[in-house]
Structure formats: structure tokens, C-alpha cells
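Read the structure below first, then the notes.
The values are calculated or read from the model by the stated rules, or taken from the named source; none is laboratory data. The model shown is predicted, which means the values in this text are computed figures rather than measured ones. Neighbour counts run over all protein chains shown; Cβ positions are idealised from the backbone, glycine included.
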Amino acid sequence: MDTGKRHSKITRIRNLMKDDVLGSSSVGVDIALVGMKFAYGLPEHADNFALRDTKNYEPYRLYNLDVFEYELNSPMALYGSVPYMVAVNPKRTVGVLWLNSAETWVDVETTTADKGVLAKVVEDVDTRPRDIPQINTRFISESGIIDLFILLGPKPTDSFRQLATLTGVYPLPPEFSIAYHQSRWNYNDQKDVQEVHESFDKHDIPLDVLWLDIEHTDGKRYFTWDNEKFPEPKKMIEDLVSKGRKLVTIIDPHIKKDSKYDVYKDAKKQGYFVKNADGSVYEGNCWPGDSSYLDFINPDVRKYWANQFSFEKKSKTKFQYINSTKDVYTWNDMNEPSVFSGPEVRMEQSMHIISSKCINRFFMF
């Protein structure tokens, strides 16, 4: 398959200068879904439920981006990328999983099959002349390998069960997580939080979870509290719990550049940040200002990050997440990753030697 031409076209569409350290290494495949009129999937896109015909339009783009104000009825990229589509007719289901985490584009064309051997296989015993519907799809990724799974159902539930067998399933969510959550940017202080959840009681409105955004932290240093606005966070949490409620706090993967901030200091010392081509620590701009980003491709970094949520002491005097309890849950935000100063509000792909192969995996870790 010659995909080099398509690769250069994608670069022109994006209108971005990119130093691709891997060179031209795109891969792709064409798949014909014979006997199918409609295909679905490829979330997240703010578009029709059934995938549109892109023959004379832009292809669906799979590239995780922090898009605050996105366009409706568009194949533009959004926060997540799921390279799975499914086509269904009254007799069969076909699922397609393109297991590639590089930047990906998908074309969809609605057409009819020819009268060759393949078309005859799917025809019914009714031999009256008629057109057989067909959907042509084209997956093309910037890098990586061709790792393709065809899920044959035959029922939609069978196809999704096959997908779950391949990718794994989520644990059942805790009961409170499917109840009412109250969240906004931002509750001003501990007193404000108390007044809000007491007002729910006053007006007899059910409330199970209250969320705190970035302003609860000490200067956007995650795993910390603003001691002036939230002087007694444990008491605040206990008050919520006494009413059968939970708390969610936001944690973002950009780390404020501050040599006195434990998370930044430790991560830099251990070489856990994403680096520039010259080996220096990459810096971008986000909510805290100048920030560095943990390299979650490194399994040691993932373990280090998980430990930050621990209730156990890491020394005789210091806890990992000070004043957190088992009733505090986490809002993983900005994990595209989001970089205000970067192209398309994210870091350049050349930041990591294998980043173009796994650009859409960052949010999964």
C-alpha cells in the first residue's frame, strides 16, 4: 500500500510544521463492508449517529485535542479517539477495530457492490436484479503497524462482546457515581462548599457527590490545598461524608514549574518529565503557568503517579496526598495532554521518539 501521498495531504490540511523524527511511515488499509447501508462508531465526534459519507468531505480525524468550543456536524478531532466502527443489517453485524494509537484519519464512502463473487456470497435467494449496498472505509495512521480486528457478530451484542474480549472491560462503577453530582468552576472556599451542600438539604434536593475544580489547590499545585480558602479540608470532607456524600478533586497531568513543589522537584530529579530533542525538560503553558509534563510512556512514571494518590506515609512527617481520605475521588482532567502554548493546544509530537506511534494513548495512563 502506498500511503505516502495521503500522509503529505494530511500535513497540508493541518497547516502545521512538524519535525517527524520517524520520517514518512504511515500505514493504512481499505475495508469494504458488503451488504451494509450504515456504519456507526468512531467516537468522539460531534456528528451524526450514522457515519457520514466523506467522499467529497474531510475524513474523520482521530487525534486527542482539548477543544473547548468545537464545531457541530464536523469530523474534527475532540478529546478522545476510539478507532472502532460497526456496521449492521438485519442479518449480520461487522465490527472493525483498527488498533493503532497514532494520529488516524478514516474515510467512509457509501456505494453499491459489483456483481462479482463477493457480492453473490451475501445475496439472498431472491435473485431479482438489485443493487447490493456497500460501505467502503479507509483507515490511515501516521505511524505504527497494521493491527486490525474484524468482529463478525453475528448480532450487535456479539460484536460488542468480542470487542470487550479484546480490549477488556471496565469494573462496575460504584453506586454513588451514577447519582447526582454537583460541579462548577469554582466554589470559592470551604464555607462556600458547606453552604452549597446544606442548601441541597434545605431544598430537599438529592446530592451524592460534590466536585472541586483547580482553585481549591495551592497555586495550581495538584495534591495540595489552598490553606487560606480551605483551612480544614478533612473536616469539610467529614461533613460531606456524614450526609452520605463524596468529594471529587481535580488532578491535572501538567506539573507547575516550582523547585519548592515536591511533585515537580521529585519528578525532575528522577527524569520523569517529557524531554525535548536535546534532552532538556519540555516546558509548556497551562493553568499553573510554566509547566512540565510527566512521560506516561515510562511505566516507572505511571507507578510514581499512582503513588501520589496514596494515603500511606512516604516519610515520617509527610503524606502523599495530604488531607485526602478514602472518600475523595479524582477528576482526571486535561489529559489529551493540553498545552495552551502548543500547536492545536497540545505538545508537539516530536517531544518523544515514539510519540507519533502513541499520541492518542497519553490519556489512558
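Which ones in segment 137-160 are touching a residue at least 60 places away in the same chain (Cβ under 8 Å), among the hydroxyl-bearing types (Ser, Thr, Tyr) and not in a loop (DSSP other than H, G, I, E, B)?
137, 141, 159
What's the number of the only condition in (1) on the phi < 0 side of the Ramachandran plot; (2) at pLDDT 85 or above that residue 346 fails to meet?
Status for residue 346: all satisfied but (2).
Being within 30 Å of residue 55 (Cβ to Cβ) and under 24 Å from the mean Cα position of the chain (by Cα) narrows it down to one of 140, 214, so name that one.
140
Inspect all residues belonging to segment 248-268 and state whether any of them is more than 15 Å from residue 322 (Cβ to Cβ), β-branched (Val, Ile, Thr), in the same structural domain as residue 289 (by the TED database) and touching a residue at least 40 places away in the same chain (Cβ under 8 Å).
Yes; the residues of segment 248-268 include at least one that is more than 15 Å from residue 322 (Cβ to Cβ), β-branched (Val, Ile, Thr), in the same structural domain as residue 289 (by the TED database) and touching a residue at least 40 places away in the same chain (Cβ under 8 Å).
Among the candidates 81, 74, 143, which residue alone is of a type in the set (S, T, N, Q), at pLDDT below 90 and out of contact with any Phe, Trp or Tyr (no Cβ under 6 Å at 6 or more places or on another chain)?
Only one candidate qualifies: 143.
Of all residues in segment 184-218, count the ones that are small (Gly, Ala, Ser) and modelled with pLDDT under 95.
0
To keep it simple, each residue is scored yes or no on (1) within 23 Å of residue 175 (Cβ to Cβ); (2) modelled with pLDDT of 95 or more; (3) in contact with a strand residue (DSSP E or B) (Cβ under 7 Å, 6 or more places away or on another chain).
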| site | (1), (2), (3) |
| --- | --- |
| 232 | no, yes, no |
| 239 | yes, yes, no |
| 274 | no, no, yes |
| 295 | no, no, yes |
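Restricting to segment 40-90, and then to whatever is out of contact with any Gly (no Cβ under 8 Å at 6 or more places or on another chain) and among the acidic types (Asp, Glu), can you tell me which residue is surrounded by the most Cβ atoms within 10 Å (Cβ to Cβ)?
Selected residue: 66.
Suppose we keep only residues that are part of a strand (DSSP E or B) and not β-branched (Val, Ile, Thr) within segment 82-96. Which one would you say is nearest to the chain's Cα centre (by Cα)?
Step by step, filter segment 82-96, then rank; the result is 84.
Results for (1) touching a residue at least 40 places away in the same chain (Cβ under 8 Å); (2) outside any strand (DSSP E or B); (3) of a type in the set (Lys, Arg); (4) not assigned by the TED database to the domain that holds residue 329, shown as yes or no for each residue.
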residue	(1), (2), (3), (4)
197	yes, yes, no, no
200	no, yes, no, no
206	no, yes, no, no
211	yes, no, no, no
234	yes, yes, yes, no
241	yes, yes, no, no
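Among the residues that make up segment 53-60, is at least one of them in a strand (DSSP E or B) and touching a Lys or Arg at 6+ places or on another chain (Cβ under 7 Å)?
Going through segment 53-60, the residues in a strand (DSSP E or B) turn out to be 60.
The next check asks that each one be touching a Lys or Arg at 6+ places or on another chain (Cβ under 7 Å); those that pass are none.
Looking for residues that are in a strand (DSSP E or B) and touching a Lys or Arg at 6+ places or on another chain (Cβ under 7 Å), one finds none in segment 53-60, hence no.
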